[in-house]
1. Can you pull out the chymotrypsin sites (Phe, Trp or Tyr not before Pro) in the range 156-215 whose DSSP state is coil and whose Cβ has at most 10 other Cβ atoms within 10 Å?
2. Sequence-distant or interchain residues sharing an amide H contact under 5 Å with Gly248, placed H: which?
3. Need the list of aspartates and glutamates near Lys55 for cross-linking: C-alpha distance under 17 angstrom, and skip anything on the same chain fewer than eight residues off.
4. Is there a quick way to get the dipole size of the chain? I mean about its Cα centre, with the Cβ of Lys and Arg at +1 and of Asp and Glu at -1; what is the value in debye to the nearest 20?
5. Using label points projected 7 Å from each Cα along Cα→Cβ, tell me how many nm separate Lys32 and Arg115, to one decimal.
6. Can you compute the modelled spin-label distance between Ser11 and Arg152, with each label point 7 Å from Cα toward Cβ, in nm?
7. Most exposed first by the Cβ proxy, i.e. fewest other Cβ within 10 Å, how do Lys64, Lys2, Lys256, Lys136 rank?
8. In whole angstrom, note down how far apart the Cα centers of the range 178-221 and the range 23-84 are.
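Each value in this text was obtained by applying a stated rule to the coordinates, not by laboratory testing. Quantities reported herein were computed from a predicted structural model and do not represent experimental measurements. Heads up, the Cβs are rebuilt from the backbone with ideal geometry, glycines too, and the neighbour counts pull from every protein chain shown.
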Amino acid sequence: MKIYILDQFVSSGVDFAAQHAEVVRWDDPRAKNWHEDADGLLVRTTPLTAEDFAKAKKLRVVAKQGVGVNLIDLAAAKAHGVIVCNTPGVNSEAVAEMGLALALAVTRRVAELDRRIRAGETVKRINFLGIELWEKTVGVIGMGNIGTRIARKYHGAFNMKVLAYDPYISDGRWSDIPHERVSSLDELLPRVDLLTIHVPLTAETRHLIGRRELALMKETAVLVNVSRGEIVDEEALYDALKAGRLFGAGLDVFKKEPPTTDNPLVGLPNVVATPHAAGGTRETQDKSSLVTAQQLIHVLGGGQPMNRVA
């Protein structure tokens with residue numbers, strides 16, 4: 001078997017794959033010719049198009065590190081008989097922790113104050129008051145692995161009232177987490193002091209939070225997005241933040257990544273931006289790299305994928 005690793009993986013997955021197959025790494029010049037003889041692919045952020053699948057005659061399996069597969073043409077993979085699998089849940093704790101970190105950085109203006117100090121400003125603290133999370137209300141969109149962890153953190157650390165929205169989760173979920181289930185965003189948004197988003201990008205969730213939805217939120221509310229950038233309408237969010245119709249936003253994901261100063265959101269003082277780094281812990285990357293490689297080898301050997309998406 002011949003496996004191509006198209007993106008940088010930490011050593012745990014690379015070493016495991018190399019024990020079971022011939023491996024061509026991302027930094028090998030041969031990697032650009034993977035279409036010719038790849039049996040399997042390990043990917044993180046490399047897009048895979050219909051043209052790629054049409055050219056890759058030997059390709060049988062693609063293993064994606066992480067949960068998001070929006071950069072892979074799943075219909076084309078299926079049409080060409082290529083199995084695509086991902087690794088949901090592996091990075092849940094890391095992403096939940098980043099969500100919490102972004103919320104605190106925005107509400108307590110950590111990044112803004114840091115930037116001003118480094119710029120040599122004399123900061124008058126009375127002009128940069130933050131807001132507390134203690135016993136406020138958090139709205140959680142998405143009751144999956146990450147949403148569950150973040151709800152526990154906010155309730156446990158800050159005794160926050162948890163409002164949960166997820167039309168695809170059956171009743172009875174979160175029986176161990178004190179919360180109120182709501183049936184619509186219109187019911188959720190006007191009540192929250194903090195909105196945290198944990199859903200995949202689909203046709204239904206694209207711009208789930210748009211101009212109308214943002215207008216329903218309190219002027220003192222904070223939005224945190226660690227899911228996918230296009231779930232939030234960036235232009236509408238910029239307008240709301242610029243006009244003071246929201247206190248701030250913590251964003252790990254953007255429509256165009258990595259974010260640069262070309263994105264006007266990055267220039268706002270009440271925005272804390274990170275470059276899709278929520279899963280970027282040493283622990284998560286080590287485990288995720290290994291699990292991705294293990295699943296690829298397992299499926300190439302004739303086993304059933306644990307997390308098949310195509």
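1. Details: sites: Phe158, Tyr165, Tyr168, Trp174; in loops: Tyr168, Trp174.
Sites meeting the loop and neighbour criteria: Tyr168.
2. Leu223
3. Result set, ordered by chain and number: Glu36, Asp37, Asp39, Asp73.
4. Details: 38 positive and 38 negative charges, 49 e Å.
For this selection, approximately 240 debye.
5. 3.7
6. 3.2
7. Details: Lys64 26, Lys2 15, Lys256 11, Lys136 19.
By the 10 Å Cβ count, ascending, the order reads Lys256, Lys2, Lys136, Lys64.
8. What the calculation gives is 35 Å, centre to centre.
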